[in-house]
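To keep things clear, I will list the structure first and then write my remarks on it.
Every number in this text was worked out from the coordinates using simple rules, so none of it is lab data. Just so it is clear, the model here is predicted, and its values are computed rather than measured. Please note: Cβ atoms are built from the backbone with ideal geometry, for glycine as well, and neighbour counts cover all protein chains shown.
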């Protein structure tokens, strides 16, 4: 018989989490759920002012949430992020590599600068953040958990996103590689593949850079028509999946990919 209740299994009191790209959208949703579960949460974001606004709102609800202004494409900044959190709290239990960008560009038009920027933000940052986090987690009594936000594009290309798809395909293999290396250290590494999620970032796509010439509304409508559940996802759909991987609910899972797409990849 299970000897821990669901409440106990989802209790993160006394634990510390970092969420990159945590100021809004999926990252904000993840931060909310981790904070509601009792964790002290650091929202790391390039937009430090917005991260502080989000953190302040959550503190006003009684949660332990702090903001960090971090450019995750800068390796030294990512390492410093972990150092700041550990210096303040003495530990790090959960790292969520959520920061990501998805500028549309056809393969024929993608510049070296755009390629490098997308890979730096989406993939390189996840590796070096995980490396810094694992060095701390390996010294702790209960190891730690790393959750990488991949994408359905890790498995299936969208089009006009070769640079993004490469970064998210890399995120999936990075998850599996780190899961093998970090398991003996007591660190579980898993990934989530969101489908279409309604976020401010998604809504701000500039239609002028869509090589297809299709409007945002047409693109969204065509995308949603393929979703069996007949709705776009919300940030909380991903946040609840993160909570699964961030808690003992998933104690025997590492190197896993959880697809949360409303069934999109089934069609």
Per DSSP helix of 4 or more residues, -39500 (n - 2.57); summed, then divided by the residues of the chain. What does that give at 222 nm, rounded to the nearest 500?
-12500 deg cm²/dmol
By the Cα gyration tensor axes a ≥ b ≥ c (a/c under 1.5 gives rounded; else a/b larger than b/c gives prolate, otherwise oblate), the shape of the range 52-102 is oblate
To the nearest 10 degrees, how steeply does helix 162-182 sit against the main Cα axis of the chain, on a 0 to 90 scale?
20 degrees
Computed over the chain: longest principal axis from alpha-carbon atoms vs helix 235-246 long axis, angle to nearest 10 degrees, is 40 degrees
Give the shape of the range 9-260 as rounded, prolate or oblate, defined through the alpha-carbon gyration tensor: a ≥ b ≥ c are the square roots of its eigenvalues, a/c under 1.5 means rounded, and otherwise the shape is prolate if a/b is larger than b/c and oblate if not.
prolate
Relative contact order %, the range 56-186, counting alpha carbon pairs below 8 Å whose residues are six or more apart
28 percent
Between residue 88 and residue 9, what FRET efficiency follows from the Cβ-Cβ distance if R0 is 25 Å, with the result rounded to 0.05?
0.40
Taking a ≥ b ≥ c as the square roots of the eigenvalues of the Cα gyration tensor, with a/c under 1.5 meaning rounded and otherwise prolate when a/b exceeds b/c and oblate if not, the range 127-195 is prolate
Evaluate the relative contact order of the chain (contact order divided by residue number), counting alpha-carbon pairs under 8 angstrom at least 6 apart; express in whole percent.
20 percent
